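The values are calculated or read from the model by the stated rules, or taken from the named source; none is laboratory data. It should be emphasised that the depicted structure is a prediction, and the values quoted were computed from it without experimental measurement. With ideal geometry, Cβ positions are generated from the backbone for all residues, glycine too; neighbour counts draw on all protein chains shown.
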Amino acid sequence: MNFDLTEDHIMMRKMVRDFAEKECGPGAEERDETEEFSVDIWKKAGELGLAGVTFPEEYGGVGADYISYAITVEELSRVDASVGVTISAHASLCANPIALFGTEEQKKKYLVPLATGEKLGAFGLTEPMAGSDASGTRTMAVRDGNDYIINGTKCFITNAYYADVYVITAQMDKSKGNRGIAAFILEKGMPGFSFGKKEKKMGIRSSATYELVFEDVRVPAENLLGQEGQGFKIAMQTLDFGRIGIASQALGIAQGAYEQAMKYTKERVQFGKAISEFQNTQFKLADMATQIEAARLLVYQAAYLASQHKPVGKASAMAKLFASETAMAVTTMGVQLHGGYGYTREYPAERMMRDAKITEIYEGTNEIQRIVISANILK
Ligand code: CAA
């Protein structure tokens, strides 16, 4: 067994860290305040290849492995978790199902501009009445000649409004339950496709989160992804990979919070010495470092399995469960180590704690991860 990162992984970390610190770090606090999505950062990330890390070069990607992808999302999130989830939702939830299930024409038309960063992607699964119960989708698709007509509403959609391409699910035959669901590729600007309310969030406030509204949206039959009735399985397999992205995001938030706490406790003097010299601080830093290392092993293991084309559902659920709980625990300790200052917006510690919370919720709550893990270990 070899735990060493390759030269490529090390270079990737350095490149993304430089980008994150130069381009994402300086405005992170302000964007958190204003809740503004940065098109500029997204464009620059695309130019660096961060939009298509795992996709083959022939489809506009970098052709790197999933560990490189995990490192990318980790390093972005170490500085700004909103940028981390923008890349993760784009690559894992929109480009990846097209790469996995798309026809050659769909890959040329959609995957290539997504992988190069020319176009931004989003994924529409969740609905007001279908959150954890993803098969309860009420959005309907009806075949009409060479088109499908789609009606319904999706909510909590990351990257929405700014995204150009959307992979969405819709029910075609309620009597068939999850086997009646189909997946479609939609484009911003299709008549009848509009955006509802923008969510005001606790954290990741500069990532875009909107409702999608479909009113008689006419989608050509060639935009059906996979087969009719395959949509739920496409969504589940998409999430198996997507959870590696969220686990990486959580890992990056935890790493960032730990480094901030380390820096602060070395500088902050109380009772005549730096507070890092008190055993209470040292034990907290030791716990943070240990939990982060354990999370990193689970995240990279899931990424390794994905690169090897091995089943990844259990590993990605475990990585997401553990890394998100680590992010929450580490960021909470980080705020505590900053004392009163940690509760103010003067330091990034409180933003990181707010950002961490969502990693326990989206792409399947941690209760859903426990369902996925237990289903895997009991079968
Ligand atoms: N891969 C392939 N097939 C799968 C699968 C997987 N990972 N998981 C389930 N399936 C198949 C099953 O084999 C079954 O097939 P058959 O009908 O042929 O037997 C079918 O799908 C139904 O499976 P279940 O009975 O297990 O389905 P369920 O209705 O009980 O749901 C669930 C299972 C795990 C709870 C699922 O609904 C789930 O994951 N819910 C959470 C949804 C979620 O993560 N939403 C996140 C939204 S995206 C987001 O958050 C994006 C963002 O903002 C960044």
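If the condition is being within 16 Å of the ligand (Cβ to nearest atom) and in a loop (DSSP other than H, G, I, E, B), then the range 96-132 contributes Leu120, Leu125, Thr126, Pro128, Met129, Gly131, Ser132.
Among the residues of this structure, Thr86 does not count as one that is away from the ligand (no atom under 11 Å from the Cβ), among the β-branched types (Val, Ile, Thr) and touching a helix residue (DSSP H, G or I) at 6+ places or on another chain (Cβ under 9 Å). In the set Arg138, Arg179, Arg143, only one residue is surrounded by fewer than 23 Cβ atoms within 10 Å (Cβ to Cβ), more than 29 Å from Gly49 (Cβ to Cβ), basic (Lys, Arg) and within 11 Å of the ligand (Cβ to nearest atom); that residue is Arg179. Determine, yes or no, whether Phe283 is modelled with pLDDT of 95 or more, under 20 Å from the mean Cα position of the chain (by Cα) and part of a helix (DSSP H, G or I). No. Residue pairs whose Cβ atoms lie under 7 Å apart, sitting 6 or more positions apart in sequence or on different chains, and linking a residue in the range 18-33 that is without any contact (Cβ under 8 Å) to a residue 40 or more places away in the chain and under 18 Å from Ile87 (Cβ atoms) to a partner that is in a helix (DSSP H, G or I) and β-branched (Val, Ile, Thr), are Glu23/Ile41.
Among residues of the range 330-373 being without any contact (Cβ under 8 Å) to a residue 40 or more places away in the chain and hydrophobic (A, V, I, L, M, F, W, C), the one that is farthest from the ligand (Cβ to nearest atom) is Val335.
What do you reckon, is Thr116 of a type in the set (S, T, N, Q) and buried (at least 20 other Cβ atoms within 10 Å of the Cβ)?
Working: of a type in the set (S, T, N, Q): yes; buried (at least 20 other Cβ atoms within 10 Å of the Cβ): no.
No: the conditions fail for Thr116.
Here Met318, Met328 are screened, and the one residue that is touching an Asp or Glu at 6+ places or on another chain (Cβ under 9 Å), within 29 Å of Leu5 (Cα to Cα) and part of a helix (DSSP H, G or I) is Met328. If you check Ile358, Ile246 for being crowded, with 20+ Cβ neighbours inside 10 Å, among the aliphatic types (A, V, I, L, M) and in contact with a Phe, Trp or Tyr (Cβ under 8 Å, 6 or more places away or on another chain), only one passes: Ile246. Scanning the range 43-70 for residues that are in a helix (DSSP H, G or I) and buried (at least 20 other Cβ atoms within 10 Å of the Cβ) yields Ala45, Gly46, Tyr59, Tyr66, Ile67, Ser68, Tyr69, Ala70. Here the range 189-227 is the region considered, the condition is being without any contact (Cβ under 8 Å) to a residue 60 or more places away in the chain and assigned to a loop (DSSP other than H, G, I, E, B), and the residue that is nearest to the ligand (Cβ to nearest atom) is Glu199.
Candidates in the range 84-107 are the residues that are touching a residue at least 40 places away in the same chain (Cβ under 8 Å) and charged (D, E, K, R); of these, the one that is nearest to Thr365 (Cα to Cα) is Lys107.
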